[in-house]
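Encoded as structure tokens, the structure appears first; notes follow it.
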Amino acid sequence: MDRWTGRVALVTGASVGIGAAIAKELVRFGMKVVGCARDVDKIKNLAAECQSASYAGVLIPFKCDLTNVEEIQSMFSAIKEEHNGVDVCINNAGLAHPEPLLSGKTSGWKNMLDVNILALSICTREAYQSMKERNIDDGHIINLNSMCGHRIIPNADIHFYTGTKYAVTALTEALRQELREAKTHIRATVRLRCCPCGF
């Protein structure tokens, strides 16, 4: 982890759960972590906790609604202006609504598409462009995924969510291929977590 000391990581969905735990650990190892979420109060509390523990890095709370393209782009502009850019992008944010294919609400489907697929793709693109313009060749893009991105569970409430997670699996592999074609050493990784239904 020494090579990451003082470098900048973006963690989406950093206010609770896995995102908060990742942000805290990266700060402990000396990174500057921009933690984004719609509600930053919890991230502010986590930042104070990290500071009280005298962690080597710093957690920077950033309010961002990942369903809003302009807010995502403004966030990357602010990171560039204040911290030069992103070296590590951890696409952790994701959500599930119980909206079956035969009776689900379009608004719930759209919200899952916006966060689980579109925001992940926009953050990936912006992070890569940030690395490229600064000649960063050892960056890392990590997509948090679900076991639902690899198998379909007989639970109608999560079938649409499952489709978004299959997309994350495909997008991560496609990203790996594009990075290879670009002859860069920037890495693309997927990490799995449990489905919302507990499987």
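Odds and ends about this structure:
- For first residues located in region 6-23 and farther than 13 Å from N45 by Cα and open to solvent by less than 10 Å² (accessible area, probe 1.4 Å), partners that are at pLDDT 95 or above and of a type in the set (K, R) and lie 6+ apart or on another chain with Cβ distances below 6 Å form the pairs V8/K32.
- Contacts under 7 angstrom Cβ, first residue in region 29-57 being of a type in the set (S, T, Y), partner open to solvent by 50 Å² or more (accessible area, probe 1.4 Å) and in a helix (DSSP H, G or I), 6 or more apart: Y55/R28
- Filtered residues of region 71-97 (kept if in a loop (DSSP other than H, G, I, E, B), open to solvent by 40 Å² or more (accessible area, probe 1.4 Å) and closer than 23 Å to R28 by Cα): N84
- Entry remark, region 57-67: residues being open to solvent by 50 Å² or more (accessible area, probe 1.4 Å) and more than 19 Å from I22 (Cβ to Cβ) number 1 in total.
- In region 44-55, residue most open to solvent (accessible area, probe 1.4 Å) [restricted to those that are assigned to a helix (DSSP H, G or I) and in contact with a Lys or Arg (Cβ under 9 Å, 6 or more places away or on another chain)]: E49
- Selection within region 103-140 - part of a helix (DSSP H, G or I), of a type in the set (D, E, K, R) and open to solvent by 40 Å² or more (accessible area, probe 1.4 Å): K110, R125, E126, K132, E133
- Residues that are of a type in the set (D, E, K, R) and assigned to a loop (DSSP other than H, G, I, E, B) do occur in region 62-70, at least one of them.
- Here D39 meets each of (1) at pLDDT below 95; (2) closer than 21 Å to L144 by Cα; (3) in contact with a Gly (Cβ under 9 Å, 6 or more places away or on another chain); (4) open to solvent by 40 Å² or more (accessible area, probe 1.4 Å) with one exception, condition (3).
- Any chance H150 is touching a residue at least 12 places away in the same chain (Cβ under 8 Å), open to solvent by 10 Å² or more (accessible area, probe 1.4 Å) and under 28 Å from T5 (Cβ atoms): no
Condition check ((1) over 24 Å from E71 (Cβ atoms); (2) open to solvent by less than 50 Å² (accessible area, probe 1.4 Å); (3) in a helix (DSSP H, G or I)) across all residues:
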{"residue": "L101", "(1), (2), (3)": "yes, no, no"}
{"residue": "Y161", "(1), (2), (3)": "no, yes, yes"}
{"residue": "Y166", "(1), (2), (3)": "yes, no, yes"}
{"residue": "L171", "(1), (2), (3)": "no, no, yes"}
{"residue": "A174", "(1), (2), (3)": "yes, yes, yes"}
{"residue": "K183", "(1), (2), (3)": "yes, no, no"}
{"residue": "T189", "(1), (2), (3)": "yes, yes, no"}
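The values are calculated or read from the model by the stated rules, or taken from the named source; none is laboratory data. Note that the structure is predicted; figures quoted are calculated from it, not measured. Every residue, glycine as well, gets a Cβ built from its backbone with ideal geometry; the counts of neighbours run over all protein chains shown. Side chains included, ligands, DNA and RNA excluded: accessible areas come from the protein's heavy atoms. Shrake-Rupley method; radii C 1.70, N 1.55, O 1.52, S 1.80 Å.
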